Amino acid sequence: MSSNTLDSTFAALADPTRREILVRLASGEASVKELAEPFQMSLPGVSKHLKVLERAGLISRGRVAQSRPCRLEARPLKEAADWVERYRRFWEEGFDRLEDYLQEIRREGEGGNGR
Amino acid sequence: MATGGDPRPEELVVTRVFDSPRELVFRAWTEPERVRRWWGPEGFTMPYCDIDLRPGGTFLRCMRSPGGRDFWVTGVFREIVAPELLVFTDSFADAEGHVVPPARYGAGPDMPPERLVTVTFEDRGGATRVTVRHAGLPSGADRDLVRHGWAGGLESLSGYLAGAA
């Protein structure tokens, strides 16, 4: 995946409405009308969000007649989340080790010549 | 979960309180022989660590994975306020300290070549709260997705993603 794609993935995810749309789609396909219902938003308003999500590769649209049901495409989402998760884990594990190290020093300080 | 201050949306924020005085914790972050004792993920060692602790100074570290793979990392100190604050850049490097594309380490082309890391050390009555803010994600990135979407229990979404792994 290019950095452009990841950029647009993050940009698409920055909006709470779009995140909710993704969560809704995680439980299955939905039409624009179905997606609009919980948001008190006009169909064109929802369509705009769907376009952003589609451009980011986060959803795909069916070709079926008028309804063109929306489907979640998980891979870009997962790559973005993995990126953040890697770094979170990096620091959390470092913190664990720092905790151990500081404890060790404390013990040495108590047992040794103190200061 | 409480974190230090307001995390900007494009930052990853990790925080923890350590039961040690601030001066000591700060030294554990800035003195090479101390850094080598803990830095990096579980099981990693640090065969090389050089730190030029002054604004504009650089550092170079080599982290060795449990499998024996070396990851060289370099960066520049942007701000140093002992024992309160460290701001530095973070990039992948070669053994000579030259910045290399993250792809060299198999990180994938989406990894930005430079990340900005801000570390604050707050005195908590003899203990120290350390907060790491990790910026440098593509613009518009949203950590909330991880915090609320994954950790916050939107199981359907995380389950779906797990299936897509």
* To do: State which residue pairs qualify: first residue within 14 Å of chain A (Cβ to nearest Cβ) and inside segment B:42-61, second residue surrounded by fewer than 11 Cβ atoms within 10 Å (Cβ to Cβ) and of a type outside the set (Asp, Glu) in any location, beta carbons under 6 Å apart, and separation of 6 or more residues or different chains.
  => B:Gly43/B:Pro66
* **Output for segment A:24-72, where each listed residue is part of a helix (DSSP H, G or I), touching a strand residue (DSSP E or B) at 6+ places or on another chain (Cβ under 9 Å) and within 14 Å of chain B (Cβ to nearest Cβ)** => A:Arg24, A:Leu25, A:Ala26, A:Leu53
* With respect to A:Asp82, determine if the residue is within 14 Å of chain B (Cβ to nearest Cβ), farther than 25 Å from B:Pro32 by Cβ and not β-branched (Val, Ile, Thr). => yes
* **Single residue of A:Ala36, A:Ala74, A:Ala56, A:Ala30 found to be within 14 Å of A:Thr17 (Cα to Cα) and of a type in the set (Gly, Ala, Ser)** => A:Ala36
* Every residue from segment B:41-62 that is modelled with pLDDT of 90 or more, out of contact with any Pro (no Cβ under 8 Å at 6 or more places or on another chain) and surrounded by 13 or more Cβ atoms within 10 Å (Cβ to Cβ) -> B:Thr45, B:Met46, B:Tyr48, B:Leu53, B:Gly57, B:Thr58, B:Phe59, B:Leu60, B:Arg61
* To do: Out of B:Trp72, B:Trp38, report the one residue that is among the aromatic types (Phe, Trp, Tyr) and within 14 Å of chain A (Cβ to nearest Cβ).
  => B:Trp38
* Asked: Here are some conditions: (1) under 18 Å from B:Pro32 (Cβ atoms); (2) surrounded by 15 or more Cβ atoms within 10 Å (Cβ to Cβ). B:Phe92 meets all but one. Which one does it not meet?
  -> (1)
* Asked: Do we find that B:Arg78 is farther than 20 Å from A:Asp82 by Cβ, touching a Cys at 6+ places or on another chain (Cβ under 9 Å), surrounded by 14 or more Cβ atoms within 10 Å (Cβ to Cβ) and not aromatic (Phe, Trp, Tyr) in this structure?
  -> no
* Asked: Do you know which residues across segment A:11-29 are under 17 Å from A:Arg61 (Cα atoms) and among the hydrophobic types (A, V, I, L, M, F, W, C)?
  -> A:Ala12, A:Ile21, A:Leu22, A:Val23, A:Leu25, A:Ala26
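Would you mind finding the one in B:Leu60, B:Leu24, B:Leu53, B:Leu86 that is in a helix (DSSP H, G or I), aliphatic (A, V, I, L, M), touching a strand residue (DSSP E or B) at 6+ places or on another chain (Cβ under 9 Å) and over 18 Å from A:Arg89 (Cα atoms)? Show your work before the answer.
On the way: B:Leu60 fails: in a helix (DSSP H, G or I); B:Leu53 fails: in a helix (DSSP H, G or I); B:Leu86 fails: in a helix (DSSP H, G or I).
Matching residue, one of B:Leu60, B:Leu24, B:Leu53, B:Leu86: B:Leu24.
The rows are residues; the columns are (1) basic (Lys, Arg); (2) at pLDDT below 75.
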| site | (1), (2) |
| --- | --- |
| A:His49 | no, no |
| A:Lys78 | yes, yes |
| A:Trp83 | no, yes |
| A:Tyr87 | no, no |
| A:Phe90 | no, no |
| A:Tyr101 | no, no |
| A:Glu104 | no, no |
| A:Glu110 | no, yes |
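The values are calculated or read from the model by the stated rules, or taken from the named source; none is laboratory data. In this text the structure is predicted, and so the values were computed from the model without any measurement. Methodologically, a virtual Cβ is constructed for each residue, glycine included, from the backbone with ideal geometry; neighbour enumeration extends over all protein chains shown.
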